[in-house]
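Reading through the structure tokens given below for one structure.
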Amino acid sequence: MRIRISPQTMKPYALLLPLILLPFAAHARDPVAGKTNAARVRNVCHGANGLSSLPNAPHLAGQPAIYFTEQMKAYKNGNRKNEAMAVIAKSLTDAEIDNLAVLSGSIKVTVEMSK
Ligand code: HEM
């Protein structure tokens, strides 16, 4: 699996690069490990609890699995443009995307309306 990331794209993520690429390199052929490691990659920007830790990355907690999968497929086929997400989506199998969709969708979200 060859991942090509342009320097301009990764500049903001340079510190994250080892965190992002390592799991892919180590476990590319093991779906179970891939699922787990894909979640670990997701957590770098979208947070382990599905609440994003980056100002420009959306929260994934509680997202309907159908919407999540549609967005990942759109990044994969280029219908939705984001270089970092395109690289990540293209490196995931449909099964891994489905598992991540269920994983994020299963996070319970409670809201408090502002007074
Ligand atoms: C397996 C790993 C990942 C998964 C499954 C994932 C999933 C997603 C999904 C479903 C969206 C669309 C959300 C929406 O429309 O509300 C999204 C957007 C985004 N993600 Fe990720 N993500 C992953 C890793 C990352 C990483 C590592 C980064 C940072 C380097 C990142 C940064 C972003 C950004 C900036 C957006 C918004 C892009 C846009 O405007 O279209 N994601 N991600």
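The values are calculated or read from the model by the stated rules, or taken from the named source; none is laboratory data. Keep in mind it's a predicted model, so treat the numbers as computed, not measured. Heads up, the Cβs are rebuilt from the backbone with ideal geometry, glycines too, and the neighbour counts pull from every protein chain shown. Accessible surface is based on the protein model in full, side chains and every heavy atom, while ligands, DNA and RNA are left aside. Shrake-Rupley method; radii C 1.70, N 1.55, O 1.52, S 1.80 Å.
Some values worked out for this structure:
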quantity: Three-way shape call for the stretch 29-106 based on the alpha-carbon gyration tensor, with the a/c threshold at 1.5; calculated: rounded
quantity: Dipole magnitude of the stretch 29-106 about its Cα centre (Cβ charges: Lys, Arg +1; Asp, Glu -1), debye to nearest 20; calculated: 140
quantity: 3J(HN,Hα) from dihedral phi, the stretch 37-45, Karplus parametrisation 6.51/-1.76/1.60, rounded to Hz, x for glycine, proline; calculated: 5, 5, 5, 5, 5, 4, 4, 4, 10
quantity: Rounded percent of accessible protein surface that carbon and sulfur make up, the stretch 35-115, 1.4 Å probe; calculated: 59
quantity: Summed side-chain charge close to Gly47 - residues other than Gly47 whose Cβ falls under 15 Å, Lys, Arg +1, Asp, Glu -1; calculated: +3
